[in-house]
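Okay, structure first, notes after.
The values are calculated or read from the model by the stated rules, or taken from the named source; none is laboratory data. Just so it is clear, the structure is predicted and the values come from calculations on it, not from any experiment. Don't worry about glycine lacking a Cβ; one is built from the backbone with ideal geometry, like all the others, and counts go over all protein chains shown. Ligands, DNA and RNA are excluded from the accessible area calculation, which covers all protein heavy atoms including side chains. Shrake-Rupley method; radii C 1.70, N 1.55, O 1.52, S 1.80 Å.
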Amino acid sequence: MDTADLEKYLNQYGVWPGIFRALFIARSHEAFRSFCSQYAINKLKANTYNLELYKSAFSEFTNDVGEEQYDLSWIDSVTYHRKQNLDHLTKELKSYKNNLIRESIRSAQLDLASFFTDLGQFESALRAYAKVREYCTNAGQIAHLSLDLMRVSIWMENYSHVLAFGSRAKSTLSAAMEIKSTVYAYCGLAHMCLGDYKSALDHFLHVAPDFSDILLTKTDVSTYTSICALVCWDHKELLQQLNEDEIFNALSDLNPTLRKCMHFMSQRKYSSLFNTLQASFPEYALDMYLAPHLLTFLSLIRERSLIDYLFPYSAIPMKKIASDFQVDLPFIEDFLLQMVETQKIDAKLDCLNKCVYMESSLEGERFQEIQDIVENTHIYSKAIHLQTTNTFNKSMDDESSTHT
């Protein structure tokens, strides 16, 4: 990816998501540090009143911003206008409260929250949005307010709050179906960031393929959905979903590389899967939400693949496993040992002869099935015996009473 592609990528997002993503890339990728630091600083100047972040970013990337000069005149101008705007919005809100105009109070409170968002003061924005709740008059307004609270909470990286506000939004979605995909996308993102990939996948599957938002693009949702599917589904379920689920198919089509990976997994072509996946990881490392989880994703996908791979075997050399998974022998030995210790697979490892012996789960299942049949038969036999005894005793009593 060159700087032109990177600029196009960042321009897909709204103001704050674009700034946060640019700063993340500047801090984690030296090759793009100069471009991304300048991009973030220019965005801060053009679209926000956040003096504090401007100053800290300029200080952090002093050697990377090229000819960009520290803009004292902009700082003075923003300092003045921040105070003027805050005074105006505060007075306007107070006036509406004195006149008890409910809808005007709600609108003024939203303006104040939006202003705090422009300042980058997200905690103040969150408090301002929270005060809007008592002035909402219908479920649609509550749903849109909950979405605003979710968005600010994501910028604060407070994902438990995102899910709490998401629950409130979902309860009122019938009055605001136009934001359904956004609510589920935000909830999915929060679950993914918290490491709950199954819940993340469940939420992403409710997002429409034509989804569009300032914080996430439809390509982002496609990427997150596809990776979570590789983590959570085995090859059979993956194949079933690819054949039957229209929403999943439409989302996965937006990312041909991961679509190919899912095809490889469903066909049990694990070397092709991991070669393709690892070749794509440098691109995914640019995503501030994916990057912290990439190694975890790779490990979980490898676990899932190994479980599927080993299932037909009673014994298999580790050398063959290492070859099929395109890793070295010591790595696969350590990885298998870890899976055995955490009871992810039921197997014995012969570390001397470098061989894996699988414990047959089918034999255990058959033994349990036979045991259940025996127990049920025993219970049924006792019931028949008791019923026969009762019938015999009753007939004897009837016969005795007849003779009498």
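Which one is farthest from the chain's Cα centre (by Cα) among residues in the range 272-315 that are part of a helix (DSSP H, G or I) and among the aromatic types (Phe, Trp, Tyr)?
Within the range 272-315, the subset part of a helix (DSSP H, G or I) is 272-284, 291-310.
Those still in the list that are among the aromatic types (Phe, Trp, Tyr) too: 274, 281, 284, 297, 309.
Details: Phe274: 21, Phe281: 17, Tyr284: 14, Phe297: 11, Tyr309: 26 Å.
Selected residue: Tyr309.
So, of the residues in the range 31-60 that are closer than 22 Å to Asp118 by Cβ and of a type in the set (Phe, Trp, Tyr), which turns out to be most open to solvent (accessible area, probe 1.4 Å)? Can you show your working first?
First, the residues of the range 31-60 that are closer than 22 Å to Asp118 by Cβ: 36-60.
From what is left, the residues that are of a type in the set (Phe, Trp, Tyr) are 39, 49, 54, 58.
On the way: Tyr39: 23, Tyr49: 64, Tyr54: 0, Phe58: 22 Å².
Taking the candidates together, the pick is Tyr49.
Scan the range 340-347 and give yes if some residue there is open to solvent by 40 Å² or more (accessible area, probe 1.4 Å), part of a helix (DSSP H, G or I) and within 22 Å of Lys198 (Cα to Cα), otherwise no.
No, there is no match, as no residue in the range 340-347 is open to solvent by 40 Å² or more (accessible area, probe 1.4 Å), part of a helix (DSSP H, G or I) and within 22 Å of Lys198 (Cα to Cα).
On the given criteria, is Ser174 in contact with a helix residue (DSSP H, G or I) (Cβ under 9 Å, 6 or more places away or on another chain) and over 29 Å from Leu230 (Cα atoms)? So that I can check it myself, show each step before the final result.
Values: in contact with a helix residue (DSSP H, G or I) (Cβ under 9 Å, 6 or more places away or on another chain): yes; over 29 Å from Leu230 (Cα atoms): yes.
So Ser174 passes the test.
For the range 324-347, enumerate the residues that are in contact with a helix residue (DSSP H, G or I) (Cβ under 8 Å, 6 or more places away or on another chain) and not hydrophobic (A, V, I, L, M, F, W, C).
Residues satisfying the conditions are Asp324, Gln326, Asp328, Glu333, Lys344, Asp346.
Can you tell me which residues in the range 131-177 are not in a helix (DSSP H, G or I) and not small (Gly, Ala, Ser)? Steps first, please.
The first filter runs over the range 131-177 and keeps only residues not in a helix (DSSP H, G or I), leaving 136-138, 156-158, 172, 176.
Cys136, Thr137, Asn138, Met156, Glu157, Asn158, Thr172 - these are the residues of the range 131-177 that are not in a helix (DSSP H, G or I) and not small (Gly, Ala, Ser).
Name the single residue that is nearest to Leu295 (Cα to Cα) among those in the range 323-339 being polar (S, T, N, Q) and in a helix (DSSP H, G or I).
Applying the first criterion (polar (S, T, N, Q)) to the range 323-339 yields 323, 326, 338.
Those left that are additionally in a helix (DSSP H, G or I): 323, 338.
Numbers: Ser323: 21, Gln338: 16 Å.
Checking each candidate, the answer is Gln338.
Kindly evaluate Tyr54 against the criterion of being closer than 25 Å to Lys83 by Cα, among the aromatic types (Phe, Trp, Tyr) and without any contact (Cβ under 8 Å) to a residue 40 or more places away in the chain. Give the steps one after another, and end with the answer.
Working: closer than 25 Å to Lys83 by Cα: yes; among the aromatic types (Phe, Trp, Tyr): yes; without any contact (Cβ under 8 Å) to a residue 40 or more places away in the chain: yes.
Yes, satisfied.
Within the range 253-301, how many residues are small (Gly, Ala, Ser), free of Cβ contacts under 8 Å to residues at least 40 places away in the same chain and in contact with a helix residue (DSSP H, G or I) (Cβ under 6 Å, 6 or more places away or on another chain)? Walk me through it before giving the result.
Taking the range 253-301 as the starting set, the residues that turn out to be small (Gly, Ala, Ser) are 266, 271-272, 279-280, 285, 291, 299.
Retained after the next criterion (residues that are free of Cβ contacts under 8 Å to residues at least 40 places away in the same chain): 266, 272, 279-280, 299.
Still in the running and in contact with a helix residue (DSSP H, G or I) (Cβ under 6 Å, 6 or more places away or on another chain): 266, 272, 280.
Summing the residues that are small (Gly, Ala, Ser), free of Cβ contacts under 8 Å to residues at least 40 places away in the same chain and in contact with a helix residue (DSSP H, G or I) (Cβ under 6 Å, 6 or more places away or on another chain) in the range 253-301 gives 3.
Scan the range 203-262 for residues that are in a loop (DSSP other than H, G, I, E, B) and farther than 18 Å from Ser299 by Cβ and report the count. If you could, list the steps in order and put the result at the bottom.
At the first step, the residues of the range 203-262 found to be in a loop (DSSP other than H, G, I, E, B) are 205-217, 233-234, 245, 253-255.
The next check asks that each one be farther than 18 Å from Ser299 by Cβ; those that pass are 205-217, 245, 253-255.
Number of matching residues: 17.
Every residue, every condition in (1) over 25 Å from Trp16 (Cβ atoms); (2) surrounded by 15 or more Cβ atoms within 10 Å (Cβ to Cβ); (3) under 18 Å from the mean Cα position of the chain (by Cα), yes or no:
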site: Tyr197; (1), (2), (3): yes, yes, yes
site: Leu201; (1), (2), (3): yes, yes, yes
site: Val207; (1), (2), (3): no, yes, yes
site: Thr223; (1), (2), (3): no, yes, yes
site: Ile227; (1), (2), (3): no, yes, yes
site: Asp245; (1), (2), (3): yes, no, no
site: Lys269; (1), (2), (3): yes, yes, no
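Can you tell me which condition Ile154 does not meet? The list is (1) touching a Phe, Trp or Tyr at 6+ places or on another chain (Cβ under 7 Å); (2) among the hydrophobic types (A, V, I, L, M, F, W, C); (3) open to solvent by 60 Å² or more (accessible area, probe 1.4 Å), and all the others hold.
(3)
Among the residues of the range 87-104, are any open to solvent by less than 30 Å² (accessible area, probe 1.4 Å), touching a helix residue (DSSP H, G or I) at 6+ places or on another chain (Cβ under 9 Å), modelled with pLDDT under 95 and at positive phi?
No, every residue in the range 87-104 fails to be open to solvent by less than 30 Å² (accessible area, probe 1.4 Å), touching a helix residue (DSSP H, G or I) at 6+ places or on another chain (Cβ under 9 Å), modelled with pLDDT under 95 and at positive phi.
Residue by residue, here is whether (1) open to solvent by less than 30 Å² (accessible area, probe 1.4 Å); (2) in contact with a strand residue (DSSP E or B) (Cβ under 8 Å, 6 or more places away or on another chain); (3) of a type in the set (Val, Ile, Thr) holds:
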residue	(1), (2), (3)
Leu254	no, no, no
Gln278	no, no, no
Leu290	yes, no, no
Ile332	yes, no, yes
Phe335	yes, no, no
